[in-house]
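Scroll down for the structure; my scribbles are underneath it.
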Amino acid sequence: MKNSFPLWILSLWAALYVCGAEDFRFFEQEVRPLLVGHCYKCHSRGEKVKGGLLLDSKTGWEKGGDSGPALVPGNPGASLLMKAVLYGDKDLQMPPKEKLDEGKVEVFREWIAMGAPDPRKGEALGKRPGVAKVEDLWSLQPLVEAKSPEVGDPDWSGNAVDRFVYYRLAKEGLVPAKPAGPATLLRRLYLDLTGLPPTPEDIEAFDAGKVAAVVDKLLASEAFGDKWARHWLDLMAYADTLGVGRSIPALEAWRYRDYVVHAFNSDKPYNQFVRQQLSGDIKVPSAPGVPEGPDPTAEGIIATGFLAIGPWELVGGDKVQLRMDVVDRQINRVGKAFLGMTFECGRCHDHKFDPFTQEDYYALAGIFKSTVTLNGRIDGVFNNINQHQLPESPEELMARAGRAKAYLEEVAGLESQKREADKKVASLQKEIAATKKRQEELATEGGDPGLDKELKRLESELDAQKKVSGECSGKLGVLKYVRHSRTKSLAYGVMDTPEPMDANINIRGNAHQLGNLVPRGFPHAIAPKEPPEFTRGSSGRVQLAEWITDKSNPLAARVWVNRVWYHLFGSGLVRTVDNFGSTGELPSHPELLDHLAAEFVKEGWSTKKLIRKILLTRTWKQSSSNPEALSSMAQEKDPGNRLLWRANRRRMEAEALRDSMLFVAGKLDMSRGGPCLPYEIPGNLSPGSTGSFKDDTQFPPGLKYRRTLYLPQKRKGPFDELDFIRAFDLPDTNNETGQRTVTAVPTQALYLANSKFVREMAAALSARFSDLQEPARIDAIYRHALNHRPDCQEAAQARQFIEQIRQALEKEGKAPGEEEKTAWIRFCHSLLISNAFLFRS
């Protein structure tokens, strides 16, 4: 059967691990600062090396010291470094004066477990071999709107994008693929724009000559924001819990998520999108010749959740160091998301490869040091994220008053119920004591069976009332924990410090070892060369946003256009979408990238216009199969399809897989927005101390079948209820991710075959068409699950598959009628885990 149960995948899929940019980012951002701060004093060149061990280069730990190699990549338990930092051996303890806190030990463990990725090549500290010059780094050069070339094929001469692509293909002796078939093309459109497949009715009504109308319809749909907001949330490490490895509720994070969805659906100009997220909370003061800016809006304040929501180490005892850790993360986030640059190594030294100095890093650090991110305490020990009371219209004030009233009534009702239960408990306890006393008195007379029965009744009633009282106490504890969220309009966001401050260089990244003071500013290598001047008394975030979105800054538009291209094609024109530095890849079509970036700015920074332009090209509409190009050695000439001689066939992302299964099974709840943490279910939230959600938190029916975007995201892996998406490369919510890792491993096939969620969706899909006769039922299931009618061979194979399963179950003694039901469920299961469903062609 062409799309049958694909257990054969188990023998073909192999585990894949390659150290990539994200792994090296983890080293630079998490591991190197620990090595510098705690290890280099005794284990680096230029110092008195102890134990013969050098840790300032990869070759140093590979060679090891007097006791042998310091690490066994992939095996923390066998690594001497882990034994030392765990303090398990009294003769092997590092650092010698004080054991590292648990979070830092965990960083070392995770680094070794992932294979100990280490980009260092053994160069001594302070040297900058191979640093690119500004004039030699392509990404720092001004945008050049090159004229598109002339091409001979009239089918490929309709727009500039196709001309650029066709010209490169012809130059290499390659031919592009034919257009994809109508059903394939429509499925691709829906998945790329909405993250959901089309319905059979959509396919029946589709006219391949009117793609533009479908594109416009999908861009205008609310599902567009649901799909594209997820891409952005990856970039800022969004989650609905706080702390690095904890599950402290982030009760107001949902407002930022909904802001991003609205920004994409309303096609907020990208330059405004950037400015709001960096400085939406700031009212620009008046200056000579410059009028005072408007008051910050609720939307602008919520937007600064980009800087506020993150995997902060909230329990860090060293507040000075913690503050600079937050600053470092914000610099990295801004650099990666908006500029495609890696600034993090500037914390400890000049950039090894790009023309950015340590002074450039600390010039930016002063801006974020002048910004309040963590403010207040949770339970007196843990830091809290800064929260704003949002400005409200009269209507919003009335609505909040209604919510507050409902909250107080709910609290009062529970308190009354608890008092009543407690009274009954006290009364029952007295009755039980009296009954027991009466039993004792009658014991000498042979007892009274009626009293025994009455005692059991009273004790049962006592247990029931104690349970009611306990449940009320639990609910009241939770309500007390969420009272501000229920009675106020709060949002996570940053704000300026009362007085701005410049940052000192932190020697070796240590916030307690200060070097020269660096005035706030911007990296000198990036245009504009005359950056905006800081307003007196402000952090400089307004000017940072202006500098990033200045038309002469070549990075912002290039980086965003490349990200859009990546999400539509599966590979960017620059494949290293988060790294436009010298260690990143060169663009495959530099003139095309600049053309699109220049047009993007000229057309008002409109993401929807950019997407529409790309989707209407012959390039995007190509089939993923190109036999003619293969016969002309395309695979040998361009094995990675960098020149775009066909479409890239790729597996759907984790969220799209889950949402699509729900959709075709008729179970998807399309409601949008609002809070998502299910604290109302007893036992989910432990309200004591900081508050914490359990890994096995249960989702209520009203939440369970919503789009994955609107389900609670937990740091350090999803809740157990969402274990399906864990298997399919969901990025770590403790890391900013612009380009997801895509793996093909045997556990994914095993998961698809055995997942409770997939089996449930298969049962729902089967039941959806249970009233149809066999031929029509097979046809309907195929059209909904795979977006095409089964051909004669597929229909015959489906009937054979169902009959074989039915007969096998009948022999096993399955109850009459049950074997038929189970056979159809397994048939649906086989389609849902087939490549035809899992992949976007």
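The values are calculated or read from the model by the stated rules, or taken from the named source; none is laboratory data. Quick caveat, the model's predicted, so the values are computed rather than measured. Cβ sites come from the backbone with ideal geometry, for glycine too, and all protein chains shown count toward neighbours. Ligands, DNA and RNA are stripped out before the accessible areas are found, and what is left, the full protein with its side chains, is counted by its heavy atoms. Shrake-Rupley method; radii C 1.70, N 1.55, O 1.52, S 1.80 Å.
For region 422-491, the square roots a ≥ b ≥ c of the C-alpha gyration tensor eigenvalues yield an a/c of 1.5 or more together with a/b exceeding b/c, which makes the shape prolate. In plain terms, the chain from Glu820 to Ser67 could stretch by 264.5 nm, reckoned as 0.36 nm per residue minus the Cα-Cα distance. Only Lys, Arg, Asp and Glu carry charge here, each on its Cβ (+1 for the first two, -1 for the last two); on that basis the chain has a dipole of about 460 debye about its Cα centre. In the context of the full protein assembly, Phe343 retains an accessible surface of approximately 10 Å², using a probe radius of 1.4 Å and ignoring ligands and nucleic acids. Karplus-based coupling profile of region 491-503, in residue order and whole Hz: 8, 6, x, 8, 8, 6, 5, x, 10, x, 8, 7, 10, with θ = phi - 60° in 6.51 cos²θ - 1.76 cosθ + 1.60 and x standing for Gly or Pro. Note on Met398 and Ala170: their simple-model spin labels are 6.6 nm apart, each label 7 Å out from Cα toward Cβ. On the basis of the beta-carbon distance and an R0 of 25 Å, Glu812 and Thr747 show a calculated FRET efficiency of 0.35. Here the gap between Leu455 and Lys529, fully extended at 0.36 nm per residue and compared with their Cα-Cα distance, gives a gain of 17.9 nm. Can you figure out the FRET efficiency of Glu204 with Lys551, using R₀ = 45 Å and their beta-carbon distance, to the nearest 0.05? Efficiency for this residue pair is about 0.45.
Across region 819-829, rounded Karplus estimates of 3J(HN,Hα) from the backbone phi angles (6.51 cos²θ - 1.76 cosθ + 1.60, θ = phi - 60°) give 5, 5, 4, 5, 4, 5, 4, 5, 4, 4, 4 Hz, Gly and Pro being marked x. Region 750-781 and region 125-198 have their alpha-carbon centroids 40 Å apart. For the pairs Lys430/Lys480; Lys453/Lys475; Lys104/Lys319, note any where the Cα-Cα span goes beyond 25 Å. Where the Cα-Cα span goes over 25 Å, the pairs concerned are Lys430/Lys480; Lys453/Lys475. Taking the centroid of alpha carbons for each part, region 88-105 and region 416-452 are 59 Å apart. Considering only Thr435, Leu451, Ser469, and ranking their Cα positions along the charge dipole of region 432-478 that arises from unit charges at the beta-carbon of Lys, Arg, Asp and Glu, the one farthest toward the positive end is Ser469.
Averaged over residues, the count of other Cβ atoms within 10 Å places the peptides 327-339, 574-586 in the sequence 327-339, 574-586, highest first. Atom-type composition of the exposed protein surface of the chain places 53 percent of the accessible area on carbon and sulfur (1.4 angstrom probe).
In this rough spin-label picture, where each label sits 7 Å from Cα along the Cβ direction, the Gln800-Glu150 distance is 5.7 nm. Put +1 on the Cβ of every Lys and Arg and -1 on every Asp and Glu Cβ in the chain; which of Pro119, Gln807, Thr737 then has its Cα farthest towards the positive end of the dipole? In the chain, that residue is Pro119. The candidate values are (i) 43.7; (ii) 63.3; (iii) 47.3; the one derived from this structure for mean projected area of the Cα convex hull in nm² carries the label (iii). In this simple spin-label approximation, Glu774 and Ala213 carry label points 7 Å from Cα along the Cα→Cβ vector, and these lie 4.0 nm apart.
Centre-to-centre, using Cα atoms only, region 260-337 and region 544-561 are separated by 16 Å.
The length gained by stretching the chain between Ser686 and Glu636 to full extension, at 0.36 nm per residue less their Cα-Cα distance, is 12.2 nm. Under the rule a/c < 1.5 gives rounded, and otherwise a/b versus b/c splits prolate from oblate, where does region 551-590 land using the Cα gyration tensor? Taking the square roots of the gyration eigenvalues as a ≥ b ≥ c, region 551-590 is oblate. Backbone phi angles across region 166-176, fed through the Karplus curve with coefficients 6.51, -1.76 and 1.60 (θ = phi - 60°), yield HN-Hα couplings of 4, 4, 5, 5, 4, 4, 9, x, 10, 10, x Hz in residue order; Gly and Pro are listed as x.
Rolling a 1.4 Å probe over the protein heavy atoms gives the chain an accessible area of 44 Å² per residue.
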